[in-house]
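What follows draws every value from the coordinates through simple rules; no lab data is involved. Everything numeric in this text was worked out from a predicted model, so none of it was measured. In this analysis, Cβ positions are derived from the backbone assuming ideal geometry, glycine residues included, and neighbour counts consider all displayed protein chains.
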Amino acid sequence: MVEIHGDTITGEKVLRCLAEVLDPEVPVLSVVDLGIVRSIRVDDGSVTIAITPTYSGCPAIEPIKAAISDAVLGMGLSSPEILTQLSPAWTTDWIAEPAREKLRKYGIAPPLPRSAEVGIVPFSEISSHIPCPHCDSLKTEELSSFGATACKALCRCKDCREPFEYFKSF
């Protein structure tokens, strides 16, 4: 849930604007879909936005900050202050169901709810519970612990034989 402080109407407009800012690594999701926008404060035309990266070493954080800044400037507001908020740490539980469906339609298996994972278990044990985003089969296997980005793993469906990425749970 994004906290909006100050002028609610303007804060809501900023939030709607940020809902159009796509994540550079998963371009089917916006920064709002991912849940990395934590708060928006608007005071007399100045904007402060707090974001939480998906992990502390996320290489996309600087391009994300630049895209957020460009979007706010495009609204005619002053250059925003963008704060990095590391606590609480980002979790895939912040990805709302509509965004999970966007991932599925894009061909990426959305993260399992962390409550579905018991403790820390090897990914190979989790992979048998990941539905294929192409055919919904649970007969899936891990091909690599890492996909195109560190937050995804490469999998394959044993039924339809299609490879797919799984957005790992954090």
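Estimated from helical segments only, the mean residue ellipticity of the chain at 222 nm is -7000 deg cm²/dmol, where each DSSP H run of four or more residues counts as -39500 (n - 2.57). Over all directions, the projected convex hull of the C-alpha atoms in segment 3-90 averages 5.0 nm² in area. For the chain, the longest piece that avoids every one of the GluC sites (Glu not before Pro) found in DSSP loops with at most 16 other C-beta atoms within 10 Å covers 21-116. Phi angles of segment 14-23 translate, via the Karplus equation with coefficients 6.51, -1.76, 1.60 and θ = phi - 60°, into HN-Hα couplings of 4, 4, 4, 5, 5, 5, 9, 7, 7, 5 Hz per residue; Gly and Pro are given as x. In straight-distance terms, cross-link reach from Lys152 covers every one of the aspartates and glutamates whose alpha-carbon lies under 12 Å from its own, apart from those fewer than eight places away in the same chain; here that gives Glu25, Glu142, Glu165. Partner lysines whose Cα lies under 23 Å from the Cα of Lys13, excluding those fewer than 8 positions away in the same chain, are identified as Lys65, Lys102.
Ordered by the count of other Cβ atoms within 10 Å of each Cβ, fewest first, Val14, Val47 give Val47, Val14.
Looking at segment 1-105, send over the antiparallel percent of its DSSP beta bridges, to the nearest 5. Roughly 45 percent of the DSSP beta bridges within segment 1-105 come out antiparallel.
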